[in-house]
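*Asks:* This structure is in structure tokens; I'll ask about it shortly.
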Amino acid sequence: MSAPPSPPPPLQQQEEGLPVPLPAAVVGDDKVLAAAQHIVKSLATSKNAADDMIRILSGFDHRLSSITSDLFPSPYPAPSDAAAEPVSQEEEGASFAAFDAAEQLIHLWDTTPEALVFEAPEDDAVHYLSAVDVAVDHLDSAAVSGRAGVVVQLAMARLEDELRHLMLRHAVPLDASGLYCSLRRLSLGSMDDLDTSSEFDPATPHSLEGALDTARSASLAGNNPFDDQVFDLVRPETVGELHAIADRMVRAGYASELAQVYCAIRRDLLDECLTVLGIERLSIDEVQRVEWKHLNDMMKKWVLGVKTVVRSLLTGERRLCDQVLAASNELRDECFVESTKGCIMQIRNFGDAVAVCCRSTEKLSRILDMYEALAEVIPELKELFFGSYGDDVIHDLEGAFERLGDAVKGTLLEFGKVLQQESSRRPMMAGEIHPMTRYVMNYLRLLVVYSDTLDTLLDDNGAGDVDHNVLHNGTDEDGEYLNSLTPFGRRLVKLISYLEANLEEKSKLYEDGALQCIFSMNNTLYIVQKVKGSELGRILGDHWIRRRRGKIRQNSKSYLRVSWTKVLSYLKDDGHGSSGSGSFSGSGNLSSRIKEKFKNFNLAFDEIYRSQTLWKVPDPQLREELKISISENVIPAYRAFTGRYASLVDSGRNSGKYIKYTPEDLENHLSDLFEGSPGSANHSRRRL
């Protein structure tokens, strides 16, 4: 709607406390113009306000239209200058006339509460704000202070409604669909996408393999699409109008009412943003009852949401607050804290709920994500919540940050206990890599992503509680090595030592000592490969790897001794003499003993062949090295034995019963070992 159609009537003498206007004969054109000029100069707070006041005064008398705003030299005239100039009766009369016009305009708008000033033509908003300025300036006028108080109260109620309407209507909503798409994209490849149950499930021995190359490839720590984007939370063209309203409310003494409506609106809008970001308002009890799959999704959204809230929403909120509430530094700091602390507390509460949840290994990666997110944003929050108003907010969030750190340390301790106490009694039938080994090493590889954070959390100022014997020798060199490691490195040594000790116990489940060695070699080599092929190698170093390589060599020697010593014993000469002598006595007994040796060798070799072709050595290089070692020990001994004594058993009708294999046959049979499947029954057989 437009401004009132006609100027107010002249001042009435009978109105209590109002001066009687000067007669027209006394008040000349020059004096009226001078008085009007003095009013504009004394009361206007800016050039725009001066222009608005001139338009209002012109409505009373066309002679006042000749006033120019050039008389307004500064946007902030010194109050002492205005107070020093005496106010004439003419000036006082013009001032009351301006108040009357302002009062009538404000009352007129009050009769149409459904209409909105800032939806009317632009001039109407300008006139209304100018009228408010005039009314506020007359609050201290003894003659009209009562009326000014009433009209200002009406104006403030309307401005409060106008502020609420502008902030709600012109708020900029988040793009929920685009945001959710980003959330899903950034969540790929993290630990939650792998099977990391707290129990070691033999049915899923590869549960953590194949995905680690992409783990955190879209890490939440560095790929937030909103990191460098500060949202305009209110349409920019509206900010000036909000500032104009807020400025009048502060000047009128309605800062408290302004803060109340401003904070309520902004708080609700930020709550809606949190909902869009997927940060739910849940109690600790509710969080603890959430299934892991859903909780994991909530934790992912929380990590991204925290960064988006701080770097985009709260940064934008701070900017909006500074612009709208520029009239009072104290008010804008207070309103920013009051508007946003509910949002921060909701973030904190979820962090606290996760921190006190039961410890389980699958949560560790996600808790670390949450911890790192707060580590990144707390310094940024301190720049936004400067001053005493924000101290409590920052303190509360830092408390949640510390509790998440405690949860990380507690979960690692729990993980160590699980490794020590895991007591499955089912041996791996082929001696291959145990599911626990796969799980633990891939889990530790994933934790390396957080090595800097874990070094900070686990700083124990030395080797501490790590037993030097975890390196098997416990030498001074090992002690120096442990002291050279980072805190996280020492924890890795400790956790792997728990794994190795557990595997050592599991190897005893095998009755066959040779299979114990195969099991130990397979698992130790897998551990070494996982360390050497990742950042674990950088952290643990060459010393640690050399120790494990030495253990593999020892197991290889033990395997040859346990598995092949008996077989090779049947190929020993035992001082029988040359088979070519032909004339020594007891040749019949010698032939029988040689036949018995061949027979026992065949039985022993066949037994090894049947069992060890079913054993499995997954690593092709280790498998080939074992076969070569066996061949180097067995084939030359067999070739020499058959070369010397074959003639003693080769002349009878059943000679094939004793010499079943040529050296080449043995070589072919040995190639079948450790493949994890029955060996070929149709190897070619050639007689000597």
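*Asks:* Hey, could you check region 282-322 for residues that are of a type in the set (Lys, Arg) and touching an Asp or Glu at 6+ places or on another chain (Cβ under 8 Å) and say which is least open to solvent (accessible area, probe 1.4 Å)?
*Replies:* The extreme case among them is Lys307.
*Asks:* Does Val230 satisfy the criteria of being more than 18 Å from Ser365 (Cβ to Cβ), modelled with pLDDT under 90, open to solvent by 20 Å² or more (accessible area, probe 1.4 Å) and in a helix (DSSP H, G or I)?
*Replies:* Judged against the criteria, Val230 is not a match.
*Asks:* Does region 147-164 include one or more residues that are more than 18 Å from Cys263 (Cβ to Cβ), surrounded by 20 or more Cβ atoms within 10 Å (Cβ to Cβ) and touching a Leu at 6+ places or on another chain (Cβ under 8 Å)?
*Replies:* Checked region 147-164: at least one residue is more than 18 Å from Cys263 (Cβ to Cβ), surrounded by 20 or more Cβ atoms within 10 Å (Cβ to Cβ) and touching a Leu at 6+ places or on another chain (Cβ under 8 Å).
*Asks:* Among residues belonging to region 562-616 that are open to solvent by 50 Å² or more (accessible area, probe 1.4 Å) and at positive phi, point out the one that is modelled with the lowest pLDDT.
*Replies:* Filtering first and then ranking leaves Gly582.
*Asks:* Scan region 234-274 residue by residue and report those that are open to solvent by less than 20 Å² (accessible area, probe 1.4 Å) and under 24 Å from Val151 (Cα atoms).
*Replies:* Leu242, Ala244, Ile245, Ala246, Met249, Ala252, Leu258, Ala259, Val261, Tyr262
*Asks:* Kindly state which helices (runs of 4 or more DSSP H) lie completely within region 249-312 and contain at least 2 residues that are within 28 Å of Pro379 (Cβ to Cβ) and basic (Lys, Arg).
*Replies:* 255-277, 292-308
*Asks:* Something else about it: Within the group Phe401, Phe350, which residue is within 18 Å of the chain's Cα centre (by Cα) and over 27 Å from Arg445 (Cα atoms)?
*Replies:* The match here is Phe350.
*Asks:* Would you check if there is a residue in region 240-248 being among the basic types (Lys, Arg), touching a helix residue (DSSP H, G or I) at 6+ places or on another chain (Cβ under 8 Å) and either at pLDDT below 80 or closer than 30 Å to Ala131 by Cβ (or both)?
*Replies:* Yes, region 240-248 has at least one match.
*Asks:* While we're on this one: When you scan region 88-146, how many residues do you find that are assigned to a helix (DSSP H, G or I), surrounded by fewer than 15 Cβ atoms within 10 Å (Cβ to Cβ) and either under 54 Å from the mean Cα position of the chain (by Cα) or among the charged types (D, E, K, R) (or both)?
*Replies:* Here the count works out to 4.
*Asks:* Please name all residue pairs, on different chains or six or more residues apart, with Cβ atoms under 9 Å, provided the first residue is in region 534-547 and is without any contact (Cβ under 8 Å) to a residue 60 or more places away in the chain and open to solvent by 60 Å² or more (accessible area, probe 1.4 Å) and the second residue is hydrophobic (A, V, I, L, M, F, W, C) and assigned to a helix (DSSP H, G or I).
*Replies:* Within 9 Å, the pairs are Arg538/Val448.
*Asks:* Just give me the residues in region 617-636 being open to solvent by 30 Å² or more (accessible area, probe 1.4 Å) and out of contact with any Phe, Trp or Tyr (no Cβ under 9 Å at 6 or more places or on another chain), in sequence order.
*Replies:* Pro620, Gln621, Glu624, Glu625, Ile628, Glu632, Pro636
*Asks:* Suppose we filter region 287-339 for residues that are over 17 Å from the mean Cα position of the chain (by Cα), of a type in the set (A, V, I, L, M, F, W, C) and under 13 Å from Phe350 (Cβ atoms); how many remain?
*Replies:* Residues in region 287-339 being over 17 Å from the mean Cα position of the chain (by Cα), of a type in the set (A, V, I, L, M, F, W, C) and under 13 Å from Phe350 (Cβ atoms): 2 in total.
*Asks:* Quick one: is Leu325 open to solvent by less than 10 Å² (accessible area, probe 1.4 Å), closer than 24 Å to Arg266 by Cα and in contact (Cβ under 8 Å) with a residue 40 or more places away in the chain?
*Replies:* Yes: the conditions hold for Leu325.
*Asks:* Can you name the condition, by its number, that Leu277 falls short on among (1) under 30 Å from Ser360 (Cβ atoms); (2) surrounded by fewer than 21 Cβ atoms within 10 Å (Cβ to Cβ)?
*Replies:* (2)
*Asks:* Hey, another quick one. Among the residues of region 508-528, is there at least one that is at pLDDT 95 or above, part of a helix (DSSP H, G or I), hydrophobic (A, V, I, L, M, F, W, C) and over 23 Å from Thr613 (Cα atoms)?
*Replies:* For region 508-528, residues at pLDDT 95 or above, part of a helix (DSSP H, G or I), hydrophobic (A, V, I, L, M, F, W, C) and over 23 Å from Thr613 (Cα atoms): present.
*Asks:* Could you tell me how many of the residues in region 138-178 are at pLDDT below 90 and touching a Phe, Trp or Tyr at 6+ places or on another chain (Cβ under 8 Å)?
*Replies:* The total comes to 7.
The values are calculated or read from the model by the stated rules, or taken from the named source; none is laboratory data. The structure presented is a predicted model; accordingly, all values stated were derived computationally and were not measured. Cβ coordinates were reconstructed from backbone atoms using ideal geometry, including for glycine residues, and neighbour counts include every protein chain displayed. To get the accessible areas, we keep the full protein, side chains included, count just its heavy atoms, and leave off ligands, DNA and RNA. Shrake-Rupley method; radii C 1.70, N 1.55, O 1.52, S 1.80 Å.
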